[in-house]
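Step one of this worksheet: look at the structure below.
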Amino acid sequence: MKLSQITSTLSELAIQPTRSLGQNFLHDQNLAEWIVETLGIQEGEPWLEIGPGLGALTEVAQRRSPRGTLIEKDDRIIEYLRERFPGLQVIHGDAARFDVRDLFAQGPLKVLGNLPYYISSQILFNFTREPTPVSAMIFTLQRELAERLAAAPSSKEYGGPTLLIGRRWHVKYLRTLPASVFTPVPQVESAVVLLTPRTDAPACDGARFDRLVKLGFSQRRKQLRKMLAGEIEDWAGATAHLGVPATVRAEELDLAQWIALTNYPEPAGGALPGLAQDVHGERFDVVDEQDRVIGQASRHEVHTRQLLHRAVHIFIFNRAGELFLQRRSRWKDVHPLRWDSSAAGHLNAGDDYDETAGRELTEELGVTAPLTQIGAVPACAGTGWEFVRLYRGEHEGPFRLPPAEIECGEWFTAEQLRRWIAARPEDFATGFLECWRLRAQ
Ligand code: SAM
């Protein structure tokens, strides 16, 4: 949008830009084009804009793909946005509190925004939390915040935000912007950053990583040994393992070293197994079409010859009635990275359904809970030729997820799942879909 268009739109709407909403409107059209171009929205791809304001970025993004969603807090411009962009979904709300889980139903999507500076950190933390369907984000931020996110170890900008966001996202500082590209002109400089999901960081317990980093940087001048005394018993062993002096400070450890510290002395749930799945020599009962045991076979044989066998699925609900789903690990031989029941697993030879359900709950989520059987699915292609018994239980978490088995997990409302499953069944393990249908009957 040109400066003259912004001025005339504001006067037609009879409104003044509000400082408390961080309203500084972009009037450099080349820059708007460059921001949208850099994000690389493809034809037909879903995207979401935070704080569209009068639509400087929106008009450019919409030309690339009509599948856009806007989240704007200012009620004075909602009607204007709906009229100007009738093909887009306009949400009147606070992006810092927006339920990002709603977006899974859209599939992988891109996010952009010239963020309101008073609340940029909260919006960033909301949109970078794990798990997420977001595949890339481009944001204009206050320059200091952008520098902190992209900082290198041992610099004064390096700190908690660098690591808390940097463990899951690559942050690229793209360019500094002069204040003069906005109206009204802000008192600070801005910078544009691009965030893309990080796939090169080793797995670790994310909650523990966040806790150690926050503690470590709570007094950044102090030695880490003192700050983490309650968390890491063998400090000499840990620092030797990392190859750093025992006197090290928080800002001197890079991301890989913080992850190694989180995993010391060994990662939660044990080491990653690699792709070999038959190492345990697992054997399953093979059954006939009435679910009667007729023999035994190895996991490999059962799967390659499509022999009928047995499994349990468990749905864990919290007090709010949300269902916990796990995302299967990338190492799985079947359905890697798909969303699945809270816990699930095969019956080993000689085991029964009830005891396997209890065991799987402990092995996969690290908890115990009373379980009730709520249904059964006969063996079919959807269950991978498994006779499945479905159990339900209640728990509030948190869970200890073994990284070898599970990538991550999340609670979802029934409505979120209903919409997501209808729109993108391919995101789910088929055995879960069979159980979900059973429950919905
Ligand atoms: N994207 C527009 C542009 O570049 O001209 C406007 C950018 S302006 C810096 C920030 C926008 O975010 C404003 O439209 C403001 O009303 C909106 N906003 C402020 N707080 C918000 C929040 N919590 N959630 C969503 N939008 C918010």
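The values are calculated or read from the model by the stated rules, or taken from the named source; none is laboratory data. Just so it is clear, the structure is predicted and the values come from calculations on it, not from any experiment. Glycine gets a Cβ as well: all are built from the backbone with ideal geometry, and neighbour counts include every protein chain shown. For accessibility, only protein heavy atoms count, side chains too; no ligands or nucleic acids. Shrake-Rupley method; radii C 1.70, N 1.55, O 1.52, S 1.80 Å.
Things to note:
- When T176, T183, T162 are checked against the criterion of being touching a Lys or Arg at 6+ places or on another chain (Cβ under 9 Å), farther than 26 Å from K214 by Cβ and β-branched (V, I, T), a single residue qualifies: T176.
- Among the candidates E289, E301, residue that is at pLDDT 90 or above and in a helix (DSSP H, G or I): E301
- Members of the range 58-93 that are within 11 Å of the ligand (Cβ to nearest atom) and free of Cβ contacts under 8 Å to residues at least 24 places away in the same chain: L70, E72, D75, I78, I91, H92, G93
- The range 171-185: number of residues that are open to solvent by less than 60 Å² (accessible area, probe 1.4 Å) and touching a helix residue (DSSP H, G or I) at 6+ places or on another chain (Cβ under 8 Å): 6
- Counted residues, the range 80-102 - those being over 25 Å from R419 (Cα atoms) and touching a strand residue (DSSP E or B) at 6+ places or on another chain (Cβ under 9 Å): 1
- Looking across the range 108-132, the residues that are assigned to a loop (DSSP other than H, G, I, E, B) and either open to solvent by 20 Å² or more (accessible area, probe 1.4 Å) or at pLDDT 95 or above (or both) come down to P108, L115, P116, R129, E130, T132.
- Single match in G51, G44, G55 (criterion: more than 9 Å from the ligand (Cβ to nearest atom) and either farther than 18 Å from L141 by Cβ or in contact with a strand residue (DSSP E or B) (Cβ under 8 Å, 6 or more places away or on another chain) (or both)): G44
- Condition check for F324: aromatic (F, W, Y), closer than 30 Å to F209 by Cα, in a loop (DSSP other than H, G, I, E, B) and touching a Gly at 6+ places or on another chain (Cβ under 8 Å): no
- Count - residues of the range 239-254 that are part of a helix (DSSP H, G or I) and in contact with a helix residue (DSSP H, G or I) (Cβ under 6 Å, 6 or more places away or on another chain): 2
- When residues in the range 13-53 are screened for being surrounded by 15 or more Cβ atoms within 10 Å (Cβ to Cβ), in a loop (DSSP other than H, G, I, E, B) and charged (D, E, K, R), 2 of them pass.
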